[in-house]
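Here is the structure we will look at, set down as structure tokens.
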Amino acid sequence: MTIPLLEAINISKRYMTSSGESSAIEGINLALERGEAIGIAGPSGAGKSTLARIICGMEAPSEGGIFLEGIDIQRDKSIRRRIQMIWQDPAASLNPYMTVAQLIIEPIEAFNRATGNRPKERLAELSEMVGIPKRLFAMRPHELSGGQCFRVSVARALAADPIVLVCDESFSSLDLPSLGELMEVLQNLQRILNLSLVIISHDLFVIRRMCSRVAVIFGGKIEEQGTTREVFSTPRSPSTRKLISSLLPWP
Ligand SMILES: Nc1ncnc2c1ncn2[C@@H]1O[C@H](COP(=O)(O)OP(=O)(O)O)[C@@H](O)[C@H]1O
Ligand SMILES: [Mg+2]
């Protein structure tokens, strides 16, 4: 039996709050194959960002584990770089004092010291992949559009040579024309680099367009999981049905 590229096995996360321990997610199981895109949908507060942070290894689960090619990412920290996150607000996550070239070279130097890759060549390669023209290299984040900031964030993530990209509401601040272009940028990378994508979005349009499978989370638990076509056309659970009819009013 072959193992999936990425597996979340029985993930739970509890936080201490002023009123005691509270559970953010509970008993989450997911599997992602190489080159596949999975969507995570659910209302605000459902636990999507908590799950995203755990998948990237930024937080440890209270129970369960994330396995990349069968290896627990909490046990072997060196493999965590293969899972990269695109932040919720790409523009706000970029250092405002750095130029585009500096922003992309920074992770290239941090990650590729061992491989001896020449930073300037890698900068040219990555910026071409994500569609950043050279004329933007000297600019700083405030001089860029939301879509251009998004591309810079993707280039920074790619510098780590990831096999999985996690996008947590990364599309929510974009206008409609940039949204279409950037979904295409990610889909091209998925194809060319055989990247796997985890697309977390309250925007079901994005998930329907990009993901072959979807998991719907309510109150920290997976309510329903299946192919995007199945779940969106014939949702089994009443809460999924309600979420879909409120967020996907058109067929
Ligand atoms: N660091 C934290 N400390 C305490 N509670 C948290 C923390 N992070 C998230 N939570 C709680 O966990 C639940 C899920 O939050 P979150 O993962 O941000 O949901 P979503 O991204 O789906 O909106 C919420 O009730 C939130 O208040
Ligand atoms: Mg969130």
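The values are calculated or read from the model by the stated rules, or taken from the named source; none is laboratory data. Fair warning: this is a prediction, and the values are worked out from it, not measured in the lab. Neighbour counts run over all protein chains shown; Cβ positions are idealised from the backbone, glycine included. These area figures cover heavy atoms from the full protein model, side chains too; ligands, DNA and RNA do not enter into them. Shrake-Rupley method; radii C 1.70, N 1.55, O 1.52, S 1.80 Å.
General remarks:
- FRET efficiency estimate (nearest 0.05) - Cβ-Cβ, residue 194 to residue 22, R0 35 angstrom: 0.35
- In degrees, nearest ten, helix 176-193 long axis to first principal axis of the chain (Cα): 80 degrees
- Every helix of 4 or more DSSP H residues in the chain counts as -39500 (n - 2.57), and over all residues that averages to -10500 deg cm²/dmol at 222 nm.
- Anchor residue 120: lysines whose Cα lies under 20 Å away (excluding residues fewer than 8 positions away in-chain): 134
- Antiparallel %, DSSP beta bridges [both residues in region 6-247], to 5: 55 percent
- Annotation: extensible slack from residue 136 through residue 184 equals 15.2 nm (criterion: 0.36 nm per residue apart, minus Cα-Cα distance).
- Under the combined filter of DSSP loop state and at most 10 neighbouring Cβ atoms within 10 Å, region 90-191 retains these chymotrypsin sites (Phe, Trp or Tyr not before Pro): 97.
- Span per principal axis, largest first, for the Cα atoms of region 134-251 (Å): 52, 27, 25
- In terms of accessible area, using a 1.4 Å probe and ignoring ligands and nucleic acids, 16, 129 rank largest first as 16, 129.
- Percent accessible area from carbon and sulfur atoms, region 199-248, protein chains only, probe 1.4 Å: 53 percent
- Reachable lysines from residue 221, criterion Cα separation under 30 angstrom, eight or more residues apart if same chain: 13, 48, 77, 242
- Given 14 as the ceiling on other Cβ atoms within 10 Å, longest exposed-site-free region of the chain for trypsin sites (Lys or Arg not before Pro) in DSSP loops: 114-235
- Using a probe of 1.4 angstrom and keeping all protein chains present, the accessible surface of region 6-247 works out to 47 square angstrom per residue.
- For the chain, built as a Gaussian network whose Cα springs stay under 10 Å, the top-fluctuating residue of 174, 51, 165: 174
- Between helix 146-158 and the chain: long-axis angle, C-alpha atoms, 0 to 90°, nearest 10: 90 degrees
- Crossing angle, helix 119-130 versus the chain [Cα axis fit, 0-90 degrees, rounded to tens]: 50 degrees
- In this rough spin-label picture, where each label sits 7 Å from Cα along the Cβ direction, the residue 77-residue 9 distance is 2.3 nm.
- Residues in region 38-62 reached by a label modelled at residue 247 [backbone nitrogen below 17 Å; 7 Å Cα→Cβ]: 38-53
- For the chain, alpha-carbon Rg relative to the globular expectation (2.2 N^0.38 Å, N residues): 1.02
- GNM flexibility winner over the chain from 224, 21, 59 (Cα, springs under 10 Å): 21
- Potential lengthening of the chain between residue 227 and residue 49 amounts to 61.9 nm, from the contour at 0.36 nm per residue minus the alpha-carbon distance.
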